[in-house]
Structure formats: C-alpha cells, structure tokens
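Have a look at the structure below, then the notes.
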Amino acid sequence: MSTTQTTTTTVMVTTQPTAPSMNSHQSNASPLPLPKPSSSHNATSPDGGSTCSSSGSSTTHKGHNFIPKKAILGHKSSSYNLGKLPPPRKSLLTQCIYLLSNLFATVVTLMASVMLLFALSHAAHVLEDASTYLAVVCPVTSFLLFFSPFGVVKTAISKNSAEALPVKLFVVQSLANLLAIDYGLKVQNLPVVVTNTIGVLLQVTWLSSHHYITRRNSRWHRFALSIALGVGVVFYMCSFADERIVGVGVFVANFMLFGTPVLQLGEVLATRKSDGIPFAISLAMVITNACWSVYGLLVEDVVLWLPSVLGYLLSVFQLLIIAWCHSYLPFDITFLALVFPSPKDTSGDKTPKQVLVKALPPATMLKRFAEHERDQVNEP
C-alpha cells in the first residue's frame, strides 16, 4: 500500500509545472526564454482595452489617443513639437509696405529694361547704315526664336507625349506670321516677308509633330487640308484690308502671342515651378523683340516697333518670373497672386457626382459593338 502511494506522489510531482530556475539545472524541463530587451515595450491587457508604447508618439486607452510626455517636451521624432513657437504675425502696415516695395522694384526693373532698349535705338541712329545691318540681324534672331521649340518637340516625340507642347503658342505664332507676311507685301518690306515665311514653315513643322503624336502618324490629309484652309482664309480676309488694318491685326496677334504664357502665372505662383515658361523661348523672345524694336524705330514704322516693344516688355517679365522660381530674384513677386489667382484644385473632392447608367440589353450591346468594328474597318 505504501509503495502505491509513493509512486502516485512521484507522478504528481513530475507532471506539475514548475517555474524555471537559473541556478539549478537538475530539472528535465527546459527553461522558458527570457524576453529580449527592446526600446519599445508594449503591454496589452487580457481584455484588449489598453495599450501603452514607450517609443511611439501616442498612447491608446480604450479608443482614446493621448500625447506622451516626450511629445509635449518637444521630442524630435514627434509631430507635436511645442519647442518652436510660430512666427510672429505681421501687421497690416508691414504687409502693405512689403507689397508696395516689391511692386516698385518690379516696375523699376521693367522700366529700366525699356529705357535700355530706347538707348540702344538712339545709339543706332548715330551709326551709319545701322538699319542695313539690322535688316540682316533681325531675320537671324527671329529664326532662332522660331527654332527654339526644337528641344521641347524632340523630347515630346521621344516620350510619345504631347502634354509639354505649347500648341496654342504655335497656332498664334502662325497667325502672327501670316499677318506679317501680308503686311510686308503691302509695304514692300523684304526682311519682314522673308522672316515670317520661315516662321510659318517652322510653326507648321511643330504642329505636324503634335499631329504625329496625337493621331499616331495617321490622317495626314486632314492635317494638310486644315493648314491650307487656314492659310487661305487669312490671306483672303487680308486682301480686302489696307496696311493699317493689317497692322492692327499684327499688333493684336503679337499681343496674344507674348501674353499667352502670362495666363498661367497663377499656377506658377502657387507651385513656384516655371515648367510652362521655357527659358530658351523667353530669352529668344527678348533678343528678337529688342532687335525688331530698334529696327522699327530706325525705319519709323509703328507696326514694327510697337508690337516689338510690347513683346520685349512681356518677355522680360517672363524672365523675371523664371528667376523668381529659381530664387535668383532679389525681390518677391507673390503680390501678383492678387491679379492672377491660382486655379482651384478639385482633386481633393472625395464626393464625386453619382452618374446613373442605364444597362442596355445584350442584343443591343452586341449590335453597337458590331457597328463600331465596322466603322473602324471602313475608316481611312
């Protein structure tokens, strides 16, 4: 009887779990692994109600977030940094003085560039045969201006994307060249005719690159028909007008040409990115308009120098914008946002409009699909 009781007691002792001992290795059970040291110690209650983290930036307790002590004291890894105070708010008088000073600096810079232009024209009056030399220099600078979009066009073709191509600029430039050709023929000015003829050919080339990308190298007969129709309409309308009316058309076309990049000034001021205003084209515009302004003042032709002076002023303004975007301008031009507001961003609207689409019967869908395939086959 005693032997049976002893055996039973031994079994009960061996089957009962015991805590691991670091000093005694006589037990057959392997000791439990100790927790590894960590910078983050998480403790979760059995009911999952509370969680504490010493390295995180927040503490959760039954769905409520609390800011830890490190965050309040200004810990560098926390977004609740209270160590730095917000910048002091400027008074209304200080803001007005800042705005007026930047406006004054901008106006003085533009007026200084115009005074430099008239100083060059006055110096050209003193030189002999200055108009003859400028009659050669002006077409060369205009050719550089017309050829300046080559890099943009090459990049667009290599990427097979026409987003960076300023198509509106090409169309307005073509219109200005056609009107200038007709004006040059009426006043018998050969440099004007030659320069703008080259300009029309190059603008048609840039437009053809846009057609090549968007139409996937197809429908060229429609492109050629649209170009021929546009050229014919412009020359037909100019045949009923004298040189003064055509000169006004040249002025309006040039104003639209040089003022087109300014329309996106609001987006440029908001993003501080001058991708939509290429530096090469703006610099070529400054040089070309400066040369034609001096030439127009020498030959005393208001149709030549007035649009050129206006284009020169707008081109210099574009260079100021580019310099401001790259932090090269010593003054600020953000006051222009009062005149050119940034476009509204509707991408953050998370409530799109619901559009109800009525499902078509299967027979109708198959019929329309067959008609679409037949149109694709018959399309030239």
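The values are calculated or read from the model by the stated rules, or taken from the named source; none is laboratory data. All values reported here derive from a predicted model rather than from experimental measurement. In this analysis, Cβ positions are derived from the backbone assuming ideal geometry, glycine residues included, and neighbour counts consider all displayed protein chains.
Go through region 279-314 and give me each residue that's free of Cβ contacts under 8 Å to residues at least 60 places away in the same chain, within 19 Å of Leu110 (Cα to Cα) and small (Gly, Ala, Ser).
Ser282, Ser308, Gly311
Looking only at region 93-104, decide whether some residue is in a helix (DSSP H, G or I) and at pLDDT below 55.
First, pick out the residues of region 93-104 that are in a helix (DSSP H, G or I): 93-104.
Within this subset, residues satisfying the condition of being at pLDDT below 55 are none.
Checked region 93-104: no residue is in a helix (DSSP H, G or I) and at pLDDT below 55.
Scanning region 119-149 for residues that are free of Cβ contacts under 8 Å to residues at least 40 places away in the same chain and in contact with a Leu (Cβ under 9 Å, 6 or more places away or on another chain), which turns out farthest from Ile287 (Cα to Cα)?
Ranking the qualifying residues of region 119-149, first place goes to His122.
Exactly one condition in (1) of a type in the set (A, V, I, L, M, F, W, C); (2) at pLDDT 85 or above; (3) surrounded by 13 or more Cβ atoms within 10 Å (Cβ to Cβ) is false for Met111; which is it?
Condition (3) is where Met111 drops out.
Is it the case that Gly249 is touching a helix residue (DSSP H, G or I) at 6+ places or on another chain (Cβ under 8 Å), part of a helix (DSSP H, G or I) and free of Cβ contacts under 8 Å to residues at least 60 places away in the same chain?
Details: touching a helix residue (DSSP H, G or I) at 6+ places or on another chain (Cβ under 8 Å): yes; part of a helix (DSSP H, G or I): yes; free of Cβ contacts under 8 Å to residues at least 60 places away in the same chain: no.
For Gly249, the condition - touching a helix residue (DSSP H, G or I) at 6+ places or on another chain (Cβ under 8 Å), part of a helix (DSSP H, G or I) and free of Cβ contacts under 8 Å to residues at least 60 places away in the same chain - is not met.
Of all residues in region 318-335, how many are within 16 Å of Glu267 (Cβ to Cβ) and of a type outside the set (A, V, I, L, M)?
Kept after step one, since they are within 16 Å of Glu267 (Cβ to Cβ), are these residues of region 318-335: 318, 321-322, 324-325, 333-334.
Checking which are of a type outside the set (A, V, I, L, M) leaves us with 318, 324-325, 334.
Of the residues in region 318-335, 4 are within 16 Å of Glu267 (Cβ to Cβ) and of a type outside the set (A, V, I, L, M).
Among the residues that make up region 166-177, is at least one of them part of a helix (DSSP H, G or I), over 30 Å from Val299 (Cβ atoms) and modelled with pLDDT under 90? Steps first, answer last, please.
Restricting attention to region 166-177, the residues satisfying the condition of being part of a helix (DSSP H, G or I) are 167-177.
Imposing the further condition that a residue be over 30 Å from Val299 (Cβ atoms) reduces the set to 167-168.
Next, from what is left, pick out any that are modelled with pLDDT under 90: 167-168.
The answer is yes; a qualifying residue exists.
Scan (1) hydrophobic (A, V, I, L, M, F, W, C); (2) modelled with pLDDT under 85; (3) touching a Gly at 6+ places or on another chain (Cβ under 7 Å) for the single condition Trp305 breaks and write down its number.
Of everything listed in (1) hydrophobic (A, V, I, L, M, F, W, C); (2) modelled with pLDDT under 85; (3) touching a Gly at 6+ places or on another chain (Cβ under 7 Å), Trp305 misses just condition (2).
Read through the list (1) over 19 Å from the mean Cα position of the chain (by Cα); (2) at pLDDT below 90; (3) assigned to a helix (DSSP H, G or I), then give the number of the only condition that Leu229 fails.
Condition not satisfied by Leu229: (2).
Restricting the search to region 252-300, which residues are among the acidic types (Asp, Glu) and either surrounded by 17 or more Cβ atoms within 10 Å (Cβ to Cβ) or assigned to a helix (DSSP H, G or I) (or both)?
Restricting attention to region 252-300, the residues satisfying the condition of being among the acidic types (Asp, Glu) are 267, 275, 300.
Glu267, the sole residue that qualifies.
Which number in (1) farther than 30 Å from Phe335 by Cα; (2) in a helix (DSSP H, G or I); (3) among the hydrophobic types (A, V, I, L, M, F, W, C) marks the one condition that Phe240 misses?
Status for Phe240: all satisfied but (2).
With the condition kept exactly as written, say whether any residue in region 83-91 is at pLDDT below 80, in contact with a strand residue (DSSP E or B) (Cβ under 7 Å, 6 or more places away or on another chain) and outside any helix (DSSP H, G or I).
Taking region 83-91 first, the residues at pLDDT below 80 are 83-91.
Filter once more, so that each one left must be in contact with a strand residue (DSSP E or B) (Cβ under 7 Å, 6 or more places away or on another chain): none.
No: zero hits.
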